[in-house]
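Chemist: First the structure, which I've put down as structure tokens, then a few questions once you've had a look.
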Amino acid sequence: MMSRKLSLQRPARRRLVKLDRKHPSADVRVRIRVVLKVASGLSCNAAAREVGCVPSTAVRTVARFLREGEASLLDHRSENGARKVDDDVLARVRAILTGRPSDHGFERPTWTLEILRTVLAHAVGVLLSITHVWRLVKRVGARWGRPRPIVACPWRARRRQRRIAALRKLAASASDANVVVFADEVDVHLNPRIGPDWMLPGTQRLVLTPGNNEKRYLAGAYDPRNDRLVYVEGERKATWIFLNLLRALLESYRDAETIHVILDNYIIHKSRVTQAWLAEFGDRLRLHFLPPYCPNENRIERIWLTLHANVTRNHQQRTIGALLDRVHRYLAERFDTRRRVLLAA
């Protein structure tokens, strides 16, 4: 078979050159170029070197072309029948990944490609290779990430949902006269928070820590309607730092009739000192407590998350003062900030 000389008529050569320019498959283009090189007088080995494939590929391509003609250049897998993976299989992959391996009788708490392959074989009746399973996982947009620990709210679902709905309605009704803010505290540590980062193969980024940690705390209130952040700084997370925040709110919203503060159930928000201060000075303040362990409903939490991601995580500051300067600068660049620095009770 290989002793026959491969020759192309001029029209066939033109068709192949045109197909080489336009065909989306790289494999098809390689086969076309091998045929064109051999037809011009090169050996299979020489054609393979110029095209960039192994000689065995060039030999098989020429042999198939001599038997089948131009049809041999196309991928014969198109004749294998219906595809194993269609939209229904992809939907089942998404549904399976929303659960856990234990839902399918496995003791391991986290997914592996091998377990997913086995579950697919039983649930869908499709046996795939590990490589194919990996491609499916990427196609559905799944990622290998770190789960977030949470604590379940002790309230009944209906009570929790009613409370959250009422607070959302309150936030949507905000006006200049009735201001609504979301309040919370955040820790700023001189010892850096360690987080993921891009690194070259065989290397690991080093984050220098000072050894002796120093801490500062910010108590903040975020007004989403005006994109304003009012916050105070302190050395301890005690009742007085929360009261300083309330004083800063009264000063920042002097023209408001009522300032509604949505916040969590941290002890300093409900202490006897706080209650006494509100009874004397808080005639314009209304505290609205979220259900326990519902941080996603407190919109200032998102600000603290971005603060850690952009400033405190893997930071390289040597002093707490330098770190706080970066914190203040970051917040000032992104919000209409009102800051009060109060380091004592």
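Chemist: Within segment 43-51, identify whether any single residue is at pLDDT 90 or above, in a loop (DSSP other than H, G, I, E, B) and out of contact with any strand residue (DSSP E or B) (no Cβ under 9 Å at 6 or more places or on another chain), and answer yes or no. If you could, list the steps in order and put the result at the bottom.
Modeler: Within segment 43-51, the subset at pLDDT 90 or above is 43-51.
Now drop any that are not in a loop (DSSP other than H, G, I, E, B), which leaves 43.
Filter once more, so that each one left must be out of contact with any strand residue (DSSP E or B) (no Cβ under 9 Å at 6 or more places or on another chain): 43.
The answer is yes, given that some residue of segment 43-51 is at pLDDT 90 or above, in a loop (DSSP other than H, G, I, E, B) and out of contact with any strand residue (DSSP E or B) (no Cβ under 9 Å at 6 or more places or on another chain).
Chemist: From the list Ala157, Ala166, Ala142, which one is out of contact with any Asp or Glu (no Cβ under 9 Å at 6 or more places or on another chain) and at pLDDT 95 or above?
Modeler: Details: Ala157 fails: at pLDDT 95 or above; Ala142 fails: at pLDDT 95 or above.
The conditions single out Ala166.
Chemist: For residues that are over 21 Å from Arg143 (Cβ atoms) and either at pLDDT 90 or above or aliphatic (A, V, I, L, M) (or both), tally how many sit in segment 77-101.
Modeler: Count: 1.
Chemist: If you go through segment 257-274, how many residues are open to solvent by 30 Å² or more (accessible area, probe 1.4 Å) and either touching a helix residue (DSSP H, G or I) at 6+ places or on another chain (Cβ under 8 Å) or under 12 Å from Arg286 (Cα atoms) (or both)?
Modeler: Taking segment 257-274 as the starting set, the residues that turn out to be open to solvent by 30 Å² or more (accessible area, probe 1.4 Å) are 257, 264-267, 270, 272-273.
Next, from what is left, pick out any that are either touching a helix residue (DSSP H, G or I) at 6+ places or on another chain (Cβ under 8 Å) or under 12 Å from Arg286 (Cα atoms) (or both): 257, 264, 273.
Looking only at that region, the number is 3.
Chemist: Being part of a helix (DSSP H, G or I) and open to solvent by less than 60 Å² (accessible area, probe 1.4 Å) is the filter here; which residues of segment 118-131 pass it? Give the derivation first.
Modeler: Kept after step one, since they are part of a helix (DSSP H, G or I), are these residues of segment 118-131: 118-123, 130-131.
Those that are part of a helix (DSSP H, G or I) and open to solvent by less than 60 Å² (accessible area, probe 1.4 Å): Thr118, Val119, Leu120, Ala121, Ala123.
Chemist: Condition first: touching a Lys or Arg at 6+ places or on another chain (Cβ under 6 Å), of a type in the set (S, T, N, Q) and either open to solvent by 10 Å² or more (accessible area, probe 1.4 Å) or in contact (Cβ under 8 Å) with a residue 24 or more places away in the chain (or both). Can you find one or more residues in segment 249-256 that meet it? Full working, then the answer.
Modeler: Initially, segment 249-256 is screened for residues touching a Lys or Arg at 6+ places or on another chain (Cβ under 6 Å), giving 252.
Then drop every residue that is not of a type in the set (S, T, N, Q), which leaves 252.
If we keep only those that are either open to solvent by 10 Å² or more (accessible area, probe 1.4 Å) or in contact (Cβ under 8 Å) with a residue 24 or more places away in the chain (or both) too, we end up with 252.
Checking segment 249-256: at least one residue is touching a Lys or Arg at 6+ places or on another chain (Cβ under 6 Å), of a type in the set (S, T, N, Q) and either open to solvent by 10 Å² or more (accessible area, probe 1.4 Å) or in contact (Cβ under 8 Å) with a residue 24 or more places away in the chain (or both).
Chemist: Still on this model: Can you name every residue in segment 31-62 that is open to solvent by 60 Å² or more (accessible area, probe 1.4 Å) and among the basic types (Lys, Arg)?
Modeler: Listed by number, the residues that qualify are Arg33, Lys37, Arg49, Arg60.
The values are calculated or read from the model by the stated rules, or taken from the named source; none is laboratory data. Because the structure is predicted, anything quoted here is derived from the model rather than measured. Note: ideal-geometry Cβ built from the backbone for every residue, glycine included; neighbour counts use all protein chains shown. With ligands, DNA and RNA removed, areas are computed over all heavy atoms of the protein, side chains included. Shrake-Rupley method; radii C 1.70, N 1.55, O 1.52, S 1.80 Å.
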